[in-house]
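Let me begin by handing over the structure; questions about it come next.
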Amino acid sequence: MQNTSSLVYDQNAFGKLSERERSFTMASYILAIESSCDDTSAAVLKDRDVLSNVVASQMVHQKYGGVVPEVASRAHDEIIWTVVEEAIKRAGISQSDLQAIACTRGPGLLGSLLVGYTFAKALAYALHIPLIDVHHMQAHILAHFLDDPAPDFPFLCLTVSGGHTQLVVVRDHFSMEVIGKTLDDAAGEAFDKAGKLMNLPYPAGPQIDRLAKEGKPVFELARPQIDGLDFSFSGLKTSFLYFLRDALKEDPNFVTSNLSDLCASLQERIVDILIDKLERAAKETGISQIAIAGGVAANSGLRQRLLLKASQHDWRLFIPKLEYCTDNAAMIGIVGYYKNLKGDFADPEARPDARLTWND
Ligand code: KG4
Ligand code: ZN
């Protein structure tokens, strides 16, 4: 067992370590925990190498058509220990090999965050190792550093998930500036809410992606006119609702008989909106290293269009592996790796924060 207990709640102690102690602390096995929404995930990283990445997705929300916060936190509570044990087992190490625990502190659903964060804090305390706070959206972006080649700085990242849609200039691992964001719904929400209107189970994004491959974008859906680099998706959702309502009056089977074309049209429009702003941002900032992150970055229509744009504009493009797009603990672990190098550990008084900002 390493003698890292002095690091637990005393950040300054890190600077006082001897060279030997410091290098011992640096060669790190980090346990990472993610529980901000409806996926319970744990990973073990050895420095930047992912030794295990276990994700338990909560299927229980399907019957409600969306995530129910109370149900989500209970489900995390039931499975978190199993997921963590499995991650440690698959990594081929034991608890006593761990040198730090990184955990999502926010943003996300408070009840869900509380389960993961309290668990992580208690385990770190019991093992006498430091706890590292992780910002969930920063982790989606730094997932690009799990694989080589990683982007050079600065790069521009389109971060698109179920809760966020942002354009971020990434100047350093911890220097990030949001230059555009959604004014209402996130891109993932647009997929999920439109999917619900078509009676697709939650989360509808992956199914719309699959069905769109069999259809054509024959329906002309609304395109929001928003100035600058901000996004808006609520108008698209409302116009899709009215479009379906009118079409269903004429033909009660309209949705079932046109499902793949509807999915293709919807996906095409969402991708249009995202790509349009991304192109503008690349032009305005002059940055040609372009990355995508977050659950919607798994969308095949978005990935294809990006490849096309990259060759048109001569962009150096970074698209994460599918498993690192949707919520996972490996991305939490890579943030933990960089923060551990800096000796940037959690405040013992820290609590999870559903609205955590970049600089908290
Ligand atoms: O990043 P993520 O796993 O969780 C959040 O932090 O929100 O993103 C989940 C979102 C959901 O809205 C889901 O429908 C969407 O990502 N999503 C997709 C695809 N895979 C996941 N949307 C479109 N196409 C996909 N293939
Ligand atoms: Zn996420």
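Laboratory data are not the source of any read-out in this text; all were calculated from the coordinates shown. Keep in mind the model is a prediction, meaning the values are calculated, not measured. Don't worry about glycine lacking a Cβ; one is built from the backbone with ideal geometry, like all the others, and counts go over all protein chains shown.
Residue by residue through segment 99-105, which ³J(HN,Hα) values in whole Hz follow from phi under the Karplus form 6.51 cos²θ - 1.76 cosθ + 1.60 (θ = phi - 60°), with glycine and proline marked x?
Along segment 99-105, the couplings run 10, 6, 10, 9, 9, 5, 9 Hz.
Something else: Could you tell me which helices of the chain pass both thresholds, a Cα extent of 24 Å or more along their own axis and a mean Kyte-Doolittle hydropathy of at least 1.6, with helices taken as whole DSSP H runs?
For the chain, where a helix must reach 24 Å along its axis and average at least 1.6, there are no hits.
In a solvent-free Debye calculation with one equal scatterer on each Cα, what is log10 I(q)/I(0) for segment 201-245 at q = 0.13, 0.16, 0.21, 0.26 Å⁻¹, listed in the order of the q values?
For the requested q values the scattering log ratios are -0.40, -0.60, -0.95, -1.10.
Quick one: work out Rg over Rh on the C-alpha atoms of segment 119-203, Rh as Kirkwood radius. Don't skip to the answer; put the middle values down first.
On the way: Rg = 17.0 Å, Rh = 15.4 Å.
On the Cα set of segment 119-203, Rg over Rh gives 1.10.
Could you list which residues have their amide H under 5 Å from that of F219, counting only those 5 or more apart in sequence or on another chain, with H placed in the peptide plane?
Hits under the 5 Å cutoff: S265.
Subtract the Cα-Cα distance of D246 and E177 from 0.36 nm times their separation in residues, and report this length gain in nm to one decimal.
Net length gain for the segment: 20.6 nm.
While we're on this one: What pairs in K277/K321; K46/K121; K121/K277; K216/K309; K63/K283 have C-alpha atoms more than 32 Å from each other?
Numbers: K277/K321 23 Å; K46/K121 20 Å; K121/K277 40 Å; K216/K309 20 Å; K63/K283 44 Å.
Too far apart for the 32 Å limit: K121/K277; K63/K283.
Okay, moving on. I need the fraction of alpha carbon pairs in the chain separated by more than 27 Å, rounded to a whole percent.
I get 48 percent for the Cα pairs in the chain exceeding 27 Å.
So, one more: Cα gyration tensor of segment 304-344, axes a ≥ b ≥ c as square roots of the eigenvalues: rounded (a/c below 1.5), prolate (a/b > b/c) or oblate?
oblate
Taking amide hydrogens as modeled 1.01 Å from N in the peptide plane, which residues meet the under 5 Å criterion relative to S28, leaving out close sequence neighbours?
Correct list: D47.
Here is a further query. Relative contact order of segment 149-319: what whole-number percent is it, with Cα pairs under 8 angstrom and at least 6 residues apart?
Values: 300 pairs, mean separation 48.0, N = 171.
Value for segment 149-319: 28 percent.
Calculate for the chain the 222 nm mean residue ellipticity that helices alone would give, adding -39,500 (n - 2.57) per DSSP H run of length 4 or more and normalising by residue count, nearest 500 deg cm²/dmol. Don't jump to the answer; show the numbers that get you there.
On the way: 12 runs with 155 residues, N = 360.
Result for the chain: -13500 deg cm²/dmol, rounded to the nearest 500.
If amide hydrogens are placed 1.01 Å from N in the peptide plane, which non-local residues have theirs closer than 5 Å to the one on T182?
Placed amide hydrogens put T165, F231 under 5 Å from T182.
Among DSSP bridges having both ends in segment 149-319, what percentage is antiparallel? Round to the nearest 5.
Bridges in segment 149-319 that DSSP calls antiparallel: roughly 60 percent.
What relative contact order, as a whole-number percentage, does the chain give when Cα pairs under 8 Å and 6 or more residues apart are counted? Show your work: numbers first, answer last.
Details: 739 pairs, mean separation 86.1, N = 360.
In percent, rounded to a whole number, it is 24.
Rounded to whole Hz and in sequence order, give me ³J(HN,Hα) for segment 153-169 from the Karplus expression 6.51 cos²θ - 1.76 cosθ + 1.60, θ = phi - 60°, writing x for Gly and Pro.
Calculated HN-Hα couplings, in order: 8, x, 9, 10, 10, 8, 9, 10, 9, x, x, 9, 9, 9, 10, 10, 8 Hz.
Something else: Give me the distance between the Cα centres of segment 330-360 and segment 210-246, rounded to whole Å.
36 Å
Which of H136, M176, M198 sits closest to the plus end of the dipole of the chain, meaning its Cα is farthest towards the positive end, when Lys and Arg get +1 and Asp and Glu get -1 on the C-beta?
M198
Can you give me the convex hull volume of the Cα atoms of segment 18-167, divided per residue and expressed in Å³?
Dividing the Cα hull volume of segment 18-167 by its residue count gives 126 Å³.
Now a separate question. Over all distinct alpha-carbon pairs, what is the Kirkwood Rh of segment 210-350 in angstrom?
Numbers: mean 1/r = 0.0558 Å⁻¹.
Over segment 210-350, the inverse of the mean reciprocal pair distance is 17.9 Å.
Can you give the % of DSSP beta bridges in the chain that are antiparallel, to the nearest 5?
Working: 26 of 43 bridges.
DSSP beta bridges in the chain are roughly 60 percent antiparallel.
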